[in-house]
Amino acid sequence: MDGEGEFSRPELPAALSRWWISESSGHGQAEDPLIACLNDEDTGGRFQAAWLLGLLGDVRAAEPLIAFLKDKDFPPEWRANAAEALASLGDARAVDPLIACLKDKNLDVRKAAAQALQQLGYKPEGAAPGGN
C-alpha cells in the first residue's frame, strides 16, 4: 500500500509465490521453492524465505537468519523476526548471536533476542536454577 504512514512489503519473488501455492494446495515439497529464494537477489525475498523456513523448522535457514540478525543495516523488525525464527529452529548456532543482540540499541531486537534465548533454554553462567 502506498498510503501515508504505511509501509510497503517487498514484492514476493516468484519462487516464494510458488511456495505459497504449493503449501496452500497441499502438493509438492513446500520447502524447495523457499530454499531457492535464499539465493534471490531481492533482499526482502531472501529474508521472507529464511524467516518462513525458520518457522517451519528447516535448519537450512539458520545461517541466513543469523546473518540477518547480525546485520545492523537491516530494519530492526526484520532482525527481531529473525530472532523469533531462530528460536523456532532450536539451533544452538543461534545462541552467541542472540546473546550479542541483548546489547543492541533497538529495544525490539533486545526483547526478541531475550525471548528467543529463553525459548532455546539458554541460562546465563552463574544463574540460579529456577531463578528469575
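Values in this text are rule-based calculations from the coordinates and carry no lab data. Small disclaimer: the values here were computed from a predicted structure and weren't measured. Using ideal geometry, Cβ is built from the backbone for each residue, glycine included, and neighbour counts are taken over all protein chains shown.
Things worth noting here:
- The length gained by stretching the chain between residue 39 and residue 77 to full extension, at 0.36 nm per residue less their Cα-Cα distance, is 11.6 nm.
- Sequence-distant residues sharing a close amide H with residue 74 (under 5 Å, placed H): none
- Computed extension length for residue 93-residue 119: 8.0 nm, one decimal, from 0.36 nm per residue of separation with the Cα-Cα distance subtracted.
- Cut-off 13 Å between beta-carbons: net charge of the residues surrounding residue 101, Lys and Arg +1, Asp and Glu -1: +2
- Full-stretch length increase - residue 32, residue 107 - with 0.36 nm per residue and alpha-carbon distance subtracted: 23.6 nm
- When each of the peptides 33-43, 69-79 is scored by the mean number of other C-beta atoms lying within 10 Å of its residues, the order from highest to lowest reads 33-43, 69-79.
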